[in-house]
Amino acid sequence: MIVTRQVTKTFLNGKEPFHALHQLNIEIKKGEFVAIMGPSGAGKSTLLQLIGGLDLPTEGEVLIDDIAMHQLSEKERTLFRRRNVGFVFQDYQLISTLTVEENVALPLEADNVSRLEIKTRVLKLLTLMGLENKAQELPNVLSGGQQQRVAIARALAANPRFLLADEPTGNLDRKRGTEILQLLTKLHKEERHTIIMVTHDILAAGYADRIIMIKDGTVQSDTTREEGDTDA
Ligand code: ADP
Ligand code: ADP
């Protein structure tokens, strides 16, 4: 479970302190598929960074399975993040000089995992993503949708507690974007992954079973899809 308690994130842009987030409270349970929406500048990316332990709140606390992020040392937080959080970005952020297989293996390299285990795990993930025949390709020869699927495979490699996706369909056309959203839905439904996705796109958000609207750094609405609803 992810909990933010009265989380405020303040940036000092030279002049006035600016609250990108202000006393924000949310709770996300294991197994949820949540979309975070809101206008540009609302604080969505800042929230995702705090939830993922990339940054710390100025006030309040972020708890992941009862572990308070601010109580970890910088080093412990880095380790915690690497083991527990999978990140997916709008622009894929694959390493262009490494093959698909090597990109997906990256999160496993630093741990004491054997070559064979890495190979097996990577192939399993690539198969899940429908990319088993692309393992030896460089990312640049793949379509955007395929690159994003590689990025999702990489995010899942270390078997994280949850997946954070920042505008995962932002660079894709509707068809490719829909494929990614269907894939996330499958990971959620069949593999029981917890997914938190920031998106501008109401159609994308409709795939989630809960939509949290953020505005001016606070929660404006928080809507969970009722059992049996077909749209959000
Ligand atoms: P969103 O993702 O909803 O577009 P962000 O979380 O990126 O919003 O940003 C929220 C607000 O905080 C924006 O006004 C942005 O300019 C500001 N902000 C975000 N990160 C920083 C930073 N590192 N330094 C200063 N201001 C920032
Ligand atoms: P998005 O709108 O896609 O969420 P942004 O372009 O707002 O992304 O932010 C990208 C990165 O830049 C984030 O890590 C954010 O923290 C940082 N950032 C955003 N606004 C500012 C700012 N005014 N000053 C410094 N860093 C910022």
Can you tell me which of (1) surrounded by fewer than 22 Cβ atoms within 10 Å (Cβ to Cβ); (2) more than 27 Å from T8 (Cα to Cα) is the one T223 doesn't meet? (2)
Can we say I51 is under 15 Å from I2 (Cβ atoms), more than 15 Å from ligand 2 (Cβ to nearest atom) and within 18 Å of the chain's Cα centre (by Cα)? no
Give me the strands (runs of 3 or more DSSP E) completely within the range 139-232, filtered to those with at least 3 residues that are within 16 Å of ligand 2 (Cβ to nearest atom) and modelled with pLDDT of 95 or more, ordered by residue number. 162-166, 194-198, 210-215
What's the number of the condition F80 fails, among (1) among the aromatic types (F, W, Y); (2) within 19 Å of I212 (Cβ to Cβ); (3) in a helix (DSSP H, G or I)? (2)
Six or more apart or on different chains, Cβ atoms under 7 Å: show the pairs whose first residue is in the range 156-172 and of a type in the set (G, A, S) and whose second is within 16 Å of ligand 1 (Cβ to nearest atom) and part of a loop (DSSP other than H, G, I, E, B). G170/Q90
Flagged in the range 1-38 as within 15 Å of ligand 2 (Cβ to nearest atom) and open to solvent by 60 Å² or more (accessible area, probe 1.4 Å), in numbering order, are F11, L12, N13, G14, K15, E16, P17, F18, H19
Those residues of the range 133-142 which are open to solvent by less than 90 Å² (accessible area, probe 1.4 Å) and more than 21 Å from the chain's Cα centre (by Cα) amount to K134, A135, E137, L138, L142
Every residue from the range 74-104 that is within 16 Å of ligand 1 (Cβ to nearest atom) and surrounded by fewer than 15 Cβ atoms within 10 Å (Cβ to Cβ): D91
Would you confirm whether any residue within the range 63-74 is touching a helix residue (DSSP H, G or I) at 6+ places or on another chain (Cβ under 9 Å), within 16 Å of ligand 2 (Cβ to nearest atom) and within 27 Å of S221 (Cβ to Cβ)? no
Checking the conditions here, which among A157, A135 is touching a Pro at 6+ places or on another chain (Cβ under 6 Å) and among the aliphatic types (A, V, I, L, M)? A157
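The values are calculated or read from the model by the stated rules, or taken from the named source; none is laboratory data. The structure displayed is predicted, hence computed values, not measured ones. Positions of Cβ are backbone-derived with ideal geometry, glycine not excepted, and every protein chain shown enters the neighbour counts. Note: accessible area is taken over every heavy atom of the protein model, side chains too, but ligands, DNA and RNA are not part of it. Shrake-Rupley method; radii C 1.70, N 1.55, O 1.52, S 1.80 Å.
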